[in-house]
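The next block holds one structure in the form of structure tokens; read it before the comments.
The values are calculated or read from the model by the stated rules, or taken from the named source; none is laboratory data. Quick caveat, the model's predicted, so the values are computed rather than measured. Glycine also receives a Cβ, built like all others from the backbone with ideal geometry; neighbour counts cover every protein chain displayed. Note: accessible area is taken over every heavy atom of the protein model, side chains too, but ligands, DNA and RNA are not part of it. Shrake-Rupley method; radii C 1.70, N 1.55, O 1.52, S 1.80 Å.
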Amino acid sequence: MEDVAVAKSWRDELASLVEDSGMRFAGDTIEISTPAFEDKRSMYESPATEEVVAEPESFKDQIEGFVKACGDMLLELLRGCRDVVQQSLLTEESYIVQKTKGPLAEASRRLSVLNEFLPEDRDPVHAWPVIFFVFILALSAFSVTSKPSGKLVKEVYIHPPSATRILLPDGRNMAYHEIGVPPDRARYSVIAPHGFLSSRLGGIHGVKVSLLEEFDIRLITYDLPGFGESDPHPERKLNSSALDMQYLADALGVNSKFWVLGYSGGAIHAWAALKFIPDRIAGVAMFAPFVNPYESSMTKEEMTGTWNKWARKRKLTYYLARRFPNLLDYFYRRTFLSGKHGQIDKYMFLSLGQKDKVLISEPAFEEFWHRDVEESIRQGSTKPFIEEAALQVSNWGFSLVDLQVQEKCSGKGILSWLKFGYGQVKCELTGFLGPVHIWQGLDDQVVPHQMTDYVARILPRVVVHKLPDEGHYSYFFLCDECHRQMFLTIFGSPQGPLEDNNEAPTEDGGEQETTNLNLAAE
């Protein structure tokens, strides 16, 4: 009876837990037949006849899942690499730890003195990284705010057209500019082709009109094809440049011989005039004349001395001009054709001497430079500049050696030798017979003096005036006394204006070198 009573009490307790009064006990079997229990069970059991239909996964979800999976894989890979580094390289036995443990411990010991400046409740391990981060942030902000503003970047302004132009035989228009005495009073006519990134406004930079009038000089400058207001030339070469100079002289009534003045890169056009139109040239004056740095007749010392003076970017521009000139478009678009003015050394990738650095910082030079550049780039095309750069370093069609004064006799072989014995052979001097003057600054980093040394070696008749401590710009730009000395050297003392129009202008510039050579040949 006790067992039955105990069993019933256990079953009664179970029935009370499920709160089912409809349970029936048959022996040890429990039968649940109440609706309440069936309802509770139906909550956890799905009908056998019901099917679960999954929604199709979109392409976006697939991409997101793929990216997430890749991210998880990459994260696990990084964790694996970190574990490998920690277990193999950062252990006590690793080579790196053994080599750096001592120096790091010593550095930590010395820097531990700085911990005294921290508050007592601050942990150095946490405090110093925060201090270092704040220091870097403050330094960055200071560098931005304290950066010298300097001068405001000046925008390029294209002035209205103002040049006088002539029509060339091939239909092109050439823009020119002339100052000095009028044609009927000029003793000397000087034509000055400009250099790279210049224009007809260059000429003799900063020369005073009163000085030109004192020496009775008519100075004519012009825009090279594609520069300033001159039309581009479809196939520009140095021989065409010389012919343009001759056409200009004829159109402006320069009937006698004229002088050519070549400065820096403009000297290549003066060399061309000596080669292709020597009969029209009375003489040549050059300042730091550019010579093809790839000229094969240069010695190793002359070539090395020239290239060593140039910055790497300038060397690169010469290489591209010779091999891949069209790639220069990128450099020119980012510098002088960017629409903003900049320093001449930055735009031209130049290294400058001490006097040149002082000169280019002067407001007068900057004003002149900006105006000349604005006129030079007014057409907005890189083509003329690429052509000019390529002309400087490409095959000129002649060598400076060809300008040497040599004695040439008619006839060849034994017959000419026999005639020479009887005095019947006629000989004449070839090459340019007129005076050539070169002024060269010995501190010139743009056109190094090694180029002039090369010219003096192969053309011994050239008169070289070496200028100690002078640079590329310091003697030629805005220097009244320098200009006067130049005119005194090539023209002699002022003779006054031509009073009689029938008086022939002087062509030899006060020098008798050509006459002496002819007398010596006779």
Next item on the list: Filter the range 248-275 down to residues that are of a type in the set (Lys, Arg) and in contact with a strand residue (DSSP E or B) (Cβ under 7 Å, 6 or more places away or on another chain), then give me how many there are.
Entry: 1
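Each row is one residue, and each column tells you yes or no for (1) of a type in the set (A, V, I, L, M); (2) in a helix (DSSP H, G or I); (3) at pLDDT below 75; (4) surrounded by fewer than 10 Cβ atoms within 10 Å (Cβ to Cβ).
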| residue | (1), (2), (3), (4) |
| --- | --- |
| 39 | no, yes, yes, yes |
| 51 | no, no, yes, yes |
| 55 | no, no, yes, yes |
| 62 | no, yes, no, no |
| 71 | no, yes, no, no |
| 82 | no, yes, no, no |
| 91 | no, no, yes, no |
Notebook entry, point to check: Counting only residues that are surrounded by fewer than 19 Cβ atoms within 10 Å (Cβ to Cβ) and touching a Gly at 6+ places or on another chain (Cβ under 8 Å), how many does the range 209-232 have?
Noted result: 3
Next item on the list: For residues that are under 16 Å from residue 290 (Cα atoms), under 16 Å from the mean Cα position of the chain (by Cα) and not in a loop (DSSP other than H, G, I, E, B), tally how many sit in the range 303-318.
Entry: 4
Check: Of 206, 202, which residue is within 21 Å of residue 368 (Cα to Cα), surrounded by fewer than 22 Cβ atoms within 10 Å (Cβ to Cβ) and modelled with pLDDT under 95?
Finding: 206
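Matching residues to (1) in a helix (DSSP H, G or I); (2) not aromatic (Phe, Trp, Tyr):
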position: 259; (1), (2): no, no
position: 265; (1), (2): yes, yes
position: 269; (1), (2): yes, yes
position: 274; (1), (2): yes, yes
position: 282; (1), (2): no, yes
position: 290; (1), (2): no, no
position: 295; (1), (2): no, yes
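To keep it simple, each residue is scored yes or no on (1) of a type in the set (Asp, Glu); (2) more than 24 Å from residue 170 (Cβ to Cβ).
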| site | (1), (2) |
| --- | --- |
| 193 | no, no |
| 207 | no, yes |
| 213 | yes, yes |
| 221 | no, no |
| 224 | no, no |
| 230 | no, no |
| 233 | no, no |
| 236 | no, no |
| 240 | no, no |
Margin query: If residue 287 meets every condition in (1) touching a Leu at 6+ places or on another chain (Cβ under 7 Å); (2) at pLDDT 95 or above apart from one, which number is that one?
Written below: (1)
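One line per residue, one yes/no per condition, for (1) without any contact (Cβ under 8 Å) to a residue 24 or more places away in the chain; (2) closer than 29 Å to residue 475 by Cβ; (3) more than 15 Å from the chain's Cα centre (by Cα):
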site	(1), (2), (3)
326	no, no, no
353	no, yes, yes
372	no, yes, yes
380	no, no, yes
389	no, yes, no
Check: Among 336, 398, which is of a type outside the set (Lys, Arg), over 19 Å from residue 201 (Cα atoms), open to solvent by less than 30 Å² (accessible area, probe 1.4 Å) and assigned to a loop (DSSP other than H, G, I, E, B)?
Finding: 398
Item checked: Which listed residue is within 25 Å of residue 231 (Cβ to Cβ) and outside any helix (DSSP H, G or I), from 381, 351 -> 381
Check: Which ones in the range 244-280 are aromatic (Phe, Trp, Tyr), touching a helix residue (DSSP H, G or I) at 6+ places or on another chain (Cβ under 7 Å) and open to solvent by 40 Å² or more (accessible area, probe 1.4 Å)?
Finding: 276
Checklist line | Members of the range 433-485 that are out of contact with any Lys or Arg (no Cβ under 7 Å at 6 or more places or on another chain), open to solvent by less than 20 Å² (accessible area, probe 1.4 Å), under 30 Å from residue 363 (Cα atoms) and outside any loop (DSSP other than H, G, I, E, B) | finding: 438, 439, 441, 482, 483
Note to self: So, in the range 181-240, how many residues would count as being closer than 25 Å to residue 278 by Cα, in a helix (DSSP H, G or I) and over 25 Å from the mean Cα position of the chain (by Cα)?
What the structure shows: 6
